[in-house]
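**Student:** Before I ask anything, let me first share the structure, which is written out below as structure tokens.
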Amino acid sequence: MATGEVLRYLRQKDSTGAIGPITWIGAEQRFVGGLRNSGVNNLEEQYILGTDTYTVTYEDKDGNNVTEKNFCIADSDLTGVTNYYKLVTTIYKETQNENYKFDEDSIIFSNALNDVAFGDGKTYPDTQSVYLLNSDTFKFEDDNSTLSIYTFNMLQKDELFYVQSNGNELLILVKTTETKIDSVSGRTIIKEHIDNLLNP
């Protein structure tokens, strides 16, 4: 066998010298079935051409762009179509921050974090103040007139569903895409995280 080749199958030679049938070890694309509820014959064709989809786009009540991509064969609508995957992608109109956000002339803090403490008269003596504890999260700029917050903000959410034979939609995976500016270097950081709801 030449260097760099991948071992794909085995053949056995019997005592007479006859060579037996192939025993496949790895899966080649042409031997793997295509996506369920699609018109392609195998993964090789799906890789080249793609698969059947039925896509709907709209704006939600908050003005975010939502795309529902249904990986199935459908005619004028999805009535009666089951056993397929559906990917719902939400691109946020404004970046979402679950921990901190500005609301007109106010700032909202999450009490669950260790980045902020409210004055308690003891450890933090001024009861009319909010103490910003983490310099990696908060930084005053422009001679302390501007407060910048360096936490991850949600840009996009992708939810993968499987539409079962009874029509129920089973949520399988959720991928979140978040971004922030590094407080020291000023570089943009993008973080993608996938939650497996079938195997948490």
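**Student:** Mind telling me which of the residues LEU78, LEU147, LEU160 ends up being at pLDDT 85 or above and part of a strand (DSSP E or B)? Walk me through it before giving the result.
**Tutor:** Values: LEU78 fails: part of a strand (DSSP E or B); LEU147 fails: at pLDDT 85 or above.
From the options LEU78, LEU147, LEU160, the qualifying one is LEU160.
**Student:** For residues that are exposed (fewer than 10 other Cβ atoms within 10 Å of the Cβ) and outside any helix (DSSP H, G or I), scanning just the range 20-52, find the one that is modelled with the lowest pLDDT.
**Tutor:** GLY26
**Student:** From ASP120, ASP136, ASP143, ASP126, which residue is outside the structural domain of TYR84 (by TED's automatic domain parsing) and touching a residue at least 40 places away in the same chain (Cβ under 8 Å)? Steps first, please.
**Tutor:** Working: ASP120 fails: touching a residue at least 40 places away in the same chain (Cβ under 8 Å); ASP143 fails: touching a residue at least 40 places away in the same chain (Cβ under 8 Å); ASP126 fails: touching a residue at least 40 places away in the same chain (Cβ under 8 Å).
Testing whether each residue is outside the structural domain of TYR84 (by TED's automatic domain parsing) and touching a residue at least 40 places away in the same chain (Cβ under 8 Å) leaves just ASP136.
**Student:** A further question on this structure: Given the conditions (1) under 19 Å from the mean Cα position of the chain (by Cα); (2) loosely packed, with under 12 Cβ neighbours inside 10 Å; (3) modelled with pLDDT under 95, and given that ASN97 satisfies all but one, which numbered condition is not satisfied?
**Tutor:** Answer for ASN97: the failing condition is (2).
**Student:** Given the conditions (1) modelled with pLDDT of 75 or more; (2) among the basic types (Lys, Arg); (3) under 28 Å from LYS139 (Cβ atoms); (4) in a strand (DSSP E or B), and given that LYS69 satisfies all but one, which numbered condition is not satisfied?
**Tutor:** Tallying (1) modelled with pLDDT of 75 or more; (2) among the basic types (Lys, Arg); (3) under 28 Å from LYS139 (Cβ atoms); (4) in a strand (DSSP E or B), LYS69 fails exactly one: (3).
**Student:** Here is a further query. What are the residue pairs meeting all of these: first residue in the range 176-195, first residue assigned by TED's automatic domain parsing to the domain that holds THR89 and polar (S, T, N, Q), second residue outside any strand (DSSP E or B) and modelled with pLDDT of 80 or more, Cβ atoms under 6 Å, and 6 or more apart or on different chains?
**Tutor:** Pairs found: none.
**Student:** In this structure, is ASN111 in contact with a strand residue (DSSP E or B) (Cβ under 9 Å, 6 or more places away or on another chain), at pLDDT below 70 and surrounded by fewer than 10 Cβ atoms within 10 Å (Cβ to Cβ)? Outline the logic, then answer.
**Tutor:** Working: in contact with a strand residue (DSSP E or B) (Cβ under 9 Å, 6 or more places away or on another chain): yes; at pLDDT below 70: yes; surrounded by fewer than 10 Cβ atoms within 10 Å (Cβ to Cβ): yes.
Spelling it out, ASN111 is indeed in contact with a strand residue (DSSP E or B) (Cβ under 9 Å, 6 or more places away or on another chain), at pLDDT below 70 and surrounded by fewer than 10 Cβ atoms within 10 Å (Cβ to Cβ).
**Student:** Failed condition for ARG30, given (1) touching a helix residue (DSSP H, G or I) at 6+ places or on another chain (Cβ under 9 Å); (2) under 29 Å from ASN168 (Cα atoms), with all others met?
**Tutor:** For ARG30, the failing item is (2).
**Student:** Right, here's the next one. Taking the condition at pLDDT below 85 and basic (Lys, Arg), does LYS139 pass?
**Tutor:** So LYS139 fits the description; yes.
**Student:** Which residue out of GLY80, GLY39, GLY33 is free of Cβ contacts under 8 Å to residues at least 12 places away in the same chain and either touching a His at 6+ places or on another chain (Cβ under 8 Å) or not assigned by TED's automatic domain parsing to the domain that holds LEU160 (or both)?
**Tutor:** Working: GLY80 fails: either touching a His at 6+ places or on another chain (Cβ under 8 Å) or not assigned by TED's automatic domain parsing to the domain that holds LEU160 (or both); GLY39 fails: free of Cβ contacts under 8 Å to residues at least 12 places away in the same chain.
Going through GLY80, GLY39, GLY33 in turn, just one is free of Cβ contacts under 8 Å to residues at least 12 places away in the same chain and either touching a His at 6+ places or on another chain (Cβ under 8 Å) or not assigned by TED's automatic domain parsing to the domain that holds LEU160 (or both): GLY33.
The values are calculated or read from the model by the stated rules, or taken from the named source; none is laboratory data. Just so it is clear, the model here is predicted, and its values are computed rather than measured. In this analysis, Cβ positions are derived from the backbone assuming ideal geometry, glycine residues included, and neighbour counts consider all displayed protein chains.
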